[in-house]
1. For segment 60-111, what are the residues that are among the charged types (D, E, K, R) and assigned to a helix (DSSP H, G or I)?
2. Are any residues in segment 376-410 under 22 Å from ARG269 (Cα atoms) and out of contact with any helix residue (DSSP H, G or I) (no Cβ under 8 Å at 6 or more places or on another chain), and if so, which ones?
3. Kindly list the number of the only condition in (1) closer than 25 Å to THR188 by Cα; (2) surrounded by fewer than 21 Cβ atoms within 10 Å (Cβ to Cβ); (3) without any contact (Cβ under 8 Å) to a residue 60 or more places away in the chain that fails for ASP256.
4. Looking only at segment 14-38, which residues are surrounded by fewer than 16 Cβ atoms within 10 Å (Cβ to Cβ), under 15 Å from ARG2 (Cβ atoms) and of a type outside the set (D, E, K, R)?
5. Check MET308 against each of (1) over 32 Å from the mean Cα position of the chain (by Cα); (2) buried (at least 19 other Cβ atoms within 10 Å of the Cβ) and name the one condition it does not meet.
6. In the list LEU244, LEU251, which residue meets the criterion of being more than 20 Å from ALA203 (Cα to Cα), assigned by TED's automatic domain parsing to the domain that holds THR185 and surrounded by 14 or more Cβ atoms within 10 Å (Cβ to Cβ)?
7. Please indicate, with yes or no, whether at least one residue in segment 291-304 is within 19 Å of LEU409 (Cβ to Cβ), in a helix (DSSP H, G or I) and touching a residue at least 40 places away in the same chain (Cβ under 8 Å).
8. In segment 265-283, which residues are assigned to a helix (DSSP H, G or I) and surrounded by fewer than 15 Cβ atoms within 10 Å (Cβ to Cβ)?
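The values are calculated or read from the model by the stated rules, or taken from the named source; none is laboratory data. Keep in mind that this is a model prediction, so the values were computed, not measured. Cβ placement follows ideal geometry from the backbone for every residue including glycine, while neighbour counts extend to all protein chains displayed.
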Amino acid sequence: MRCDVLAVGTELLLGQIVDTNSAWIGEQLAGAGIDTFEHRKVGDNLGRMVKALNELLEEADAVVVCGGLGPTPDDVTREAIAEVMGVELERREDLVEWVSTLFTSRGRDMPANNLRQCDIPVGAEPISNSIGTAPGIRAPIGDEVVYAVPGVPYEMQLMMREHVLPDLLRRAGQQAAIVSRTLKTWGTSESGLAEMIADRVDAQTNPTIAFLARGIEGLSVRLTAKAATPEEAWALIEPEERILRERLGDLVFGVDDETMESVVLDLLRKRGMTLGVAESITGGLVAARLVNTPGTSEVLRGGIVAYMTDVKRSVLGIEAELVVSEECAREMASAGRRLLEADVGIAVTGVAGPEEQDGQPPGTVFFGMAVGDEPAEAVGTHLPGQREMVRQFATISLLNLLRLKLSSLE
């Protein structure tokens, strides 16, 4: 069974809204063992929607159309499906009564244009929507089927779970499972990563191996397996995951939904250690990433943003002549540990640009770390990109250095 996805909305093409619906639908289809080979986006244009639907139905057994079921004139998903079916729209009185009752229950009068949501292609069936005013559509077209669901995420998700997925599985006649494991890495290039596991990629069958570049979040290696049951699919994933972990070593910082900050916080928590942060170039980004993770209050003592040189000296007590230096990074880490009464102090200082500072070019960054009773240490690097990218790379790089340090402790 193959089911492709067509996302509808000019706002998606203009970048005004990010299409997270297609990703969610794809994940649910994969979990049900239903193949998806293509996701498309199309604007609110009847002709282009009809063309896209016809092209997808040439290859797929089913298509999920997401969006375009609203009451306004630019919502033309109903019309597009009717044209592909070669039929007219009919106004369903049962839907008129349902939508009217929904408005009445909310103490509101139903606008006349909401009647458009009660129009269904002849031969199609409405899909109930218990939390919104837009019924979905299930439209058989020969041996294929088109499902139309609202673009509002919580309405779409409910409709997919309760109606679309069960119907797809019934049509498929058998249930398979597709599972994925994503290994997240930091510290090497995409080409370098590819070279390390090239033979495994060349030999892939089931599971398959794919690379995902995530920008400031690093590189990921995704393993995907398909089998009759989730247990059998995971049994295919596990030996390949072991091989890749052996190859990649400590480049792998997490899996699936884990983030660099969640991994670091877990390591600190397991070791019963608290953390203090002293930042300059990142301006609070390090602390912000940490506090975005639930449970941070068990570990993070606090953060100090000392951006200007005089603040570094007056608040942190920095004596280093150059504030963009290893010496300054060490002193900042020690100050973060001492002033915040933490077990671990980490720090970052550098030049985001566009001009140099202390004789150092933009992209120069120094990281400091003070763990337990050990003397503070520091390391420098040069990061690529413009100002914001340098700051983001500096943030995750500092957390990665802390991860490696904590992982090395007994």
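1. If we filter segment 60-111 for residues that are among the charged types (D, E, K, R), which is where we start, we get 61, 74-75, 78-79, 83, 88, 90-94, 97, 106, 108-109.
Result: ARG78, GLU79, GLU83, GLU93, ASP94, GLU97.
2. The answer is SER397, LEU401, LYS405, SER408, LEU409, GLU410.
3. Going through the list (1) closer than 25 Å to THR188 by Cα; (2) surrounded by fewer than 21 Cβ atoms within 10 Å (Cβ to Cβ); (3) without any contact (Cβ under 8 Å) to a residue 60 or more places away in the chain, ASP256 breaks only (3).
4. Correct list: PHE37 only.
5. (2)
6. Values: LEU244 fails: more than 20 Å from ALA203 (Cα to Cα).
Of the residues listed, the single one that is more than 20 Å from ALA203 (Cα to Cα), assigned by TED's automatic domain parsing to the domain that holds THR185 and surrounded by 14 or more Cβ atoms within 10 Å (Cβ to Cβ) is LEU251.
7. The initial filter retains those residues of segment 291-304 that are within 19 Å of LEU409 (Cβ to Cβ), namely 298-301.
Within this subset, residues satisfying the condition of being in a helix (DSSP H, G or I) are 298.
Cutting the leftovers down to touching a residue at least 40 places away in the same chain (Cβ under 8 Å) gives us none.
No: segment 291-304 contains no residue that is within 19 Å of LEU409 (Cβ to Cβ), in a helix (DSSP H, G or I) and touching a residue at least 40 places away in the same chain (Cβ under 8 Å).
8. Quick first cut of segment 265-283, residues assigned to a helix (DSSP H, G or I) only: 265-270.
Once the filter is applied, which keeps residues that are assigned to a helix (DSSP H, G or I) and surrounded by fewer than 15 Cβ atoms within 10 Å (Cβ to Cβ), segment 265-283 yields ARG269, LYS270.
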